[in-house]
Amino acid sequence: MVADARGRTKAERLGFRIDEQTKALIERAAHLQRRKVTDFCMSALTEAARRTIAEHEALALSERDRTAFFEALVNPPRASDRLRRAFASHRRRVDP
């Protein structure tokens, strides 16, 4: 393993092929930010990955959904027979 300028260790490698136009675009953008292409790509990929994960982990509710959710929290519906059986089954399996 080798440490980079920021003290992070580099152990993994990611490689892919791109067309000439895309490479030129990336190189130009890196140059404009006065960064190495690798550093530019790492930052861009990391940010895109974080944004993608955040979008998929966040729950966005409409006003109607939000109202229904909080109503169910404040005034939960009565447990059905099916739910009671599921809890009883769970207790038997998990808490013998």
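Tell me, which residue of segment 1-49 that is in contact with a strand residue (DSSP E or B) (Cβ under 6 Å, 6 or more places away or on another chain) and open to solvent by 100 Å² or more (accessible area, probe 1.4 Å) is modelled with the highest pLDDT? Ranking the candidates gives LYS10 first. Just checking, which of ARG34, ARG82 is over 30 Å from ILE18 (Cβ atoms), over 26 Å from the mean Cα position of the chain (by Cα) and of a type in the set (Lys, Arg)? Of ARG34, ARG82, the one residue that is over 30 Å from ILE18 (Cβ atoms), over 26 Å from the mean Cα position of the chain (by Cα) and of a type in the set (Lys, Arg) is ARG82.
Do we have LEU83 as in a helix (DSSP H, G or I), open to solvent by 100 Å² or more (accessible area, probe 1.4 Å) and free of Cβ contacts under 8 Å to residues at least 60 places away in the same chain here? Judged against the criteria, LEU83 is not a match. Could we say that ALA60 is out of contact with any His (no Cβ under 8 Å at 6 or more places or on another chain) and exposed (fewer than 10 other Cβ atoms within 10 Å of the Cβ) here? Yes, satisfied. Scanning segment 6-40 for residues that are at negative phi and among the basic types (Lys, Arg) gives ARG6, ARG8, LYS10, ARG13, ARG17, LYS23, ARG28, ARG35, LYS36. Remark: pairs (first residue in segment 30-55, β-branched (Val, Ile, Thr); second residue at pLDDT 95 or above and part of a helix (DSSP H, G or I); Cβ separation under 6 Å; 6+ apart in sequence or on different chains) = VAL37/GLU27; VAL37/ALA30.
The values are calculated or read from the model by the stated rules, or taken from the named source; none is laboratory data. Only a predicted model underlies this, so the values are computations on that prediction, with no experimental measurement involved. Using ideal geometry, Cβ is built from the backbone for each residue, glycine included, and neighbour counts are taken over all protein chains shown. Accessible surface is based on the protein model in full, side chains and every heavy atom, while ligands, DNA and RNA are left aside. Shrake-Rupley method; radii C 1.70, N 1.55, O 1.52, S 1.80 Å.
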